[in-house]
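Engineer: Pasting in a structure now, in structure tokens, and then I'll have a few things to ask.
The values are calculated or read from the model by the stated rules, or taken from the named source; none is laboratory data. Model, not experiment: these values are computed from the prediction. FYI the Cβ positions are ideal-geometry reconstructions off the backbone, even for glycines, and counts take in every protein chain you see. Accessible surface is based on the protein model in full, side chains and every heavy atom, while ligands, DNA and RNA are left aside. Shrake-Rupley method; radii C 1.70, N 1.55, O 1.52, S 1.80 Å.
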Amino acid sequence: SSSADNGTTSHPNGTLQQLPHILIIGVRKGGTRALIEMLSLHSSVAAAQNERGLPWYLSQMPYAFPDQLTVEKTPAYFTSSKVPKRIHQMNPDIKLLLILRDPTERVLSDYTQVFYNRLQKHKRYQPIESVLVKDGEINLGYKALNRSLYYVHMQNWLQYFPLESIHIVDGDELIRDPFPEMKKVERFLKLEPQINASNFYFNKTKGFYCLRDHGRERCLHDSKGRAHPHVAPAILQKLYQFFHEPNKKFFELVGRTFNWK
Ligand code: A3P
């Protein structure tokens, strides 16, 4: 393949490696994998298979036909304060997708992710309640809490991008009933309506929706849709309370509410 100076790399079969037109910026554990897989059902979308760190490497982008839109996901972008400026410098017209779920649920999912990462390395992790609580109060030093303070991070993005450039996918709804959420994504991206109700079927064994693409059925990896640890109701209640005000601030910021506890 040869390099051009317009941010593309050409390939003999007529496909190109192009910088992303669409970016899934997070949130970590929001359902970013489900979103990119479901978006890939559309023939006009080419998705990067691997997540990348900063900076962007063109070589990682998929080979896409010139009329296809390329999409990549990097869940850590949403909570990285330096990223909005850099992305804006690269492409101020980029379309951003942000998938959020109930902040408390996201914290439990975040904990579960770290728990299994450690397990793989044969390391232990403290029980959930001892990371969540310190001296009888919510442990403000626990980083996963900060990642669920959505308004803090959203403010950073809104300094560089108008609200119209950022579509928020309701991650809880994407779990409950993916098709309507994906229709909204299609509309936001001005794609020809193509994603169909029959692209989704509920898999009882997995307990989640799976995908049907040209007759081929597949679910997300086992690491997606894991059981979360049990947390005492009193602690859960404290967490819900903790997020109450931050959530309200977020709703005001984006002019929209979500069904968070
Ligand atoms: P849990 O495993 O904690 O339930 P990400 O891809 O950003 O890491 O997000 C992972 C989360 O996506 C999962 O968190 C799961 O709840 C959610 N998810 C949404 N739709 C899903 C689907 N169809 N299958 C599996 N997981 C899905």
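Engineer: Longer than 25 Å from Cα to Cα, which of Lys73/Lys184; Lys29/Lys184; Lys29/Lys206; Lys29/Lys261; Lys190/Lys249; Lys121/Lys224 are they? Say none if no pair is. Don't skip to the answer; put the middle values down first.
Structural biologist: Working: Lys73/Lys184 18 Å; Lys29/Lys184 21 Å; Lys29/Lys206 17 Å; Lys29/Lys261 17 Å; Lys190/Lys249 29 Å; Lys121/Lys224 19 Å.
Check vs 25 Å cut-off fails for Lys190/Lys249.
Engineer: Take the Cα radius of gyration of the range 117-261 and divide it by 2.2 N^0.38 Å, with N its residue count; two decimals is plenty.
Structural biologist: 1.29
Engineer: Let me ask another. Can you work out the accessible area per residue across the range 177-261, with the rest of the protein chains kept in place, probe 1.4 Å, in square angstrom?
Structural biologist: Values: 5460 Å² over 85 residues.
I get 64 Å² per residue for this part.
Engineer: Using a 1.4 Å probe on the protein heavy atoms, what percent of the accessible area of the chain belongs to carbon and sulfur?
Structural biologist: 50 percent
Engineer: Another one. Using only the Cα atoms of the range 101-145, build the gyration tensor, take square roots of its eigenvalues as a ≥ b ≥ c, and label the shape rounded, prolate or oblate: rounded if a/c is under 1.5, else prolate if a/b is larger than b/c, else oblate.
Structural biologist: It comes out oblate by the Cα gyration axes.
Engineer: Could you pull the Cα extents of the range 147-192 along its three principal axes, largest to smallest, in whole Å?
Structural biologist: Each principal axis gives a Cα extent; for the range 147-192 these are 30, 24, 9 Å.
Engineer: Could you please tell me the mean projected area of the C-alpha convex hull for the range 68-145, averaged over all directions and given in square nanometres to one decimal?
Structural biologist: Approximately 7.6 nm², given one-decimal rounding.
Engineer: While we're looking at this one, here's another question. The range 224-242 to the range 17-53: how many Å between their Cα centroids?
Structural biologist: 28 Å
Engineer: So for the pair Lys85, Gln237, with labels modelled 7 Å out along Cα→Cβ, what separation do we get in nm?
Structural biologist: 4.4 nm
Engineer: If you don't mind, another one. Where does the charge balance sit around Leu191 when Lys and Arg score +1, Asp and Glu -1, over other residues with C-beta under 15 Å from its C-beta?
Structural biologist: Surrounding charge for Leu191 is +1.
Engineer: What 222 nm value per residue comes from the helices of the chain, counting each DSSP H run with n ≥ 4 as -39,500 (n - 2.57) and dividing by all residues, nearest 500 deg cm²/dmol?
Structural biologist: Result for the chain, helices only: -10500 deg cm²/dmol.
Engineer: A further question follows. Could you run the Karplus curve 6.51 cos²θ - 1.76 cosθ + 1.60 with θ = phi - 60° over the range 165-175 and give me ³J(HN,Hα) per residue in whole Hz, x for Gly and Pro?
Structural biologist: 8, 10, 9, 9, 8, 7, x, 5, 5, 5, 6
Engineer: Go through the range 184-215 and name the trypsin sites (Lys or Arg not before Pro) that are in a DSSP coil and have 16 or fewer other Cβ atoms within 10 Å of their Cβ.
Structural biologist: Qualifying residues, ordered by number: Lys190, Lys204, Lys206.
Engineer: Right, here's the next one. In whole angstrom, and with the biggest value first, how far do the Cα coordinates of the chain range along each principal axis?
Structural biologist: The Cα atoms of the chain stretch 62, 43, 41 Å along their principal axes.
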